[in-house]
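I have placed the structure first, in the form of structure tokens, so that the comments after it can refer back to it.
The values are calculated or read from the model by the stated rules, or taken from the named source; none is laboratory data. This is a predicted model, so every value here is computed, not measured. Backbone-built Cβ (ideal geometry, glycine too); neighbour counts: all protein chains shown.
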Number of protein chains: 2
Amino acid sequence: GAPPAANDPMWGYFTAIAGQDGEVDAEELQRCLTQAGFTGSYSPFNLETCRVMIAMLDRDYTGKMGFNEFKELFTALSGWKQNFMMFDQDRSGTVEPHEMSQAINAMGYRVSPQVLNAIIKRYNKGGRIFFDDYVACCVKLRALTDSFRRRDSMQQGSVNFQYDDFILCTMAI
Amino acid sequence: GAPPAANDPMWGYFTAIAGQDGEVDAEELQRCLTQAGFTGSYSPFNLETCRVMIAMLDRDYTGKMGFNEFKELFTALSGWKQNFMMFDQDRSGTVEPHEMSQAINAMGYRVSPQVLNAIIKRYNKGGRIFFDDYVACCVKLRALTDSFRRRDSMQQGSVNFQYDDFILCTMAI
């Protein structure tokens, strides 16, 4: 029979991108996001960002995305795009460091000025932050915060990590 | 007077790469490593890997490298290149997943099969690991392990992280 998702308007789009194996890998996601205009230019969407996005959603550790993860990602991406455009007030396609700090605060993350500074140093190109790097930052911050919170069951703001678990949480993203 | 490094044979090379500001940023490092043939092909050395390498050595959080960090990086890169070639037994310019696991063990990291599996999922392209991704993996594993060990002063294999410190250690790399 038809797969349960066959009535979903995004199903045809997904299967076209996913190809024969029925899952989306990082290269396929890169082509898809570049063609969908998510970079705001002709340059390809950052492949590393695609890998990090897949790693974030890849609960079965296959390195690929099924249909539900793909839809989840598109929803998150649309939210980040809106957020980014709200802070990119001069419509340059990039945000400035202080706008990036505001955006991170607006998303509800409570981090120190030192952390904001380190994040901006890491994700800027020539003093500005492009959308694909912005997304890489959002994805990573969300995944790290989720990992931390899952372990901080008493909500004390601190977690005791074993070495192996620390590497597992941090190496794949 | 001349800078203290002026007698060093690498000083001229460094200043040519660093340009006017006297420090090497990620784009300058990418050009340098691509021209030096570190990718083993004409494709550019992964820019994300360059950013991670600079973040690892960037003790003053400027996002750039001075001369001493640059030399330190070249030493580390030469070591990783030798290591990579040792495991790339068919001289394909890539290593296979099981060779990658052996290499990580040979570097002295003690991680579980689950972690090795997650690392390989993250850094492979089409089932093989290229040199620039291999370096990204080595750099990140080293930086995370160093951060962990600095906090694990009693060498108990576990560390209590505050949220802000956890994000600081993990977001920039």
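Taking the numbered list (1) away from chain A (no Cβ under 11 Å); (2) in a helix (DSSP H, G or I); (3) out of contact with any helix residue (DSSP H, G or I) (no Cβ under 7 Å at 6 or more places or on another chain) in turn, B:Arg149 passes all entries but (1).
Mind listing whichever residues of the stretch B:65-109 are basic (Lys, Arg) and exposed (fewer than 12 other Cβ atoms within 10 Å of the Cβ)?
Pass one, the stretch B:65-109, residues basic (Lys, Arg): B:71, B:81, B:91.
Residue satisfying the conditions is B:Arg91 alone.
Among helices (runs of 4 or more DSSP H) entirely within the stretch B:48-135, having at least 2 residues that are out of contact with any helix residue (DSSP H, G or I) (no Cβ under 6 Å at 6 or more places or on another chain) and more than 12 Å from chain A (Cβ to nearest Cβ) singles out B:67-87, B:97-106.
Look at A:Asn117 and say whether it is without any contact (Cβ under 8 Å) to a residue 12 or more places away in the chain, surrounded by fewer than 14 Cβ atoms within 10 Å (Cβ to Cβ) and not hydroxyl-bearing (Ser, Thr, Tyr). Working first, answer last.
On the way: without any contact (Cβ under 8 Å) to a residue 12 or more places away in the chain: yes; surrounded by fewer than 14 Cβ atoms within 10 Å (Cβ to Cβ): no; not hydroxyl-bearing (Ser, Thr, Tyr): yes.
Taking the combined requirement at face value, the residue does not satisfy it.
Of all residues assigned to the stretch B:153-160, none qualifies as being within 13 Å of chain A (Cβ to nearest Cβ) and touching a residue at least 12 places away in the same chain (Cβ under 8 Å). Answer yes or no as to whether A:Gly93 is under 26 Å from B:Cys50 (Cβ atoms) and in contact (Cβ under 8 Å) with a residue 24 or more places away in the chain. Here the answer is yes, as A:Gly93 does meet what is asked. Against the conditions (1) under 25 Å from B:Val52 (Cβ atoms); (2) buried (at least 19 other Cβ atoms within 10 Å of the Cβ); (3) modelled with pLDDT under 90, A:Ser41 satisfies every one except (2). Counting only residues that are part of a helix (DSSP H, G or I) and surrounded by fewer than 19 Cβ atoms within 10 Å (Cβ to Cβ), the stretch B:152-173 holds 2 of them.
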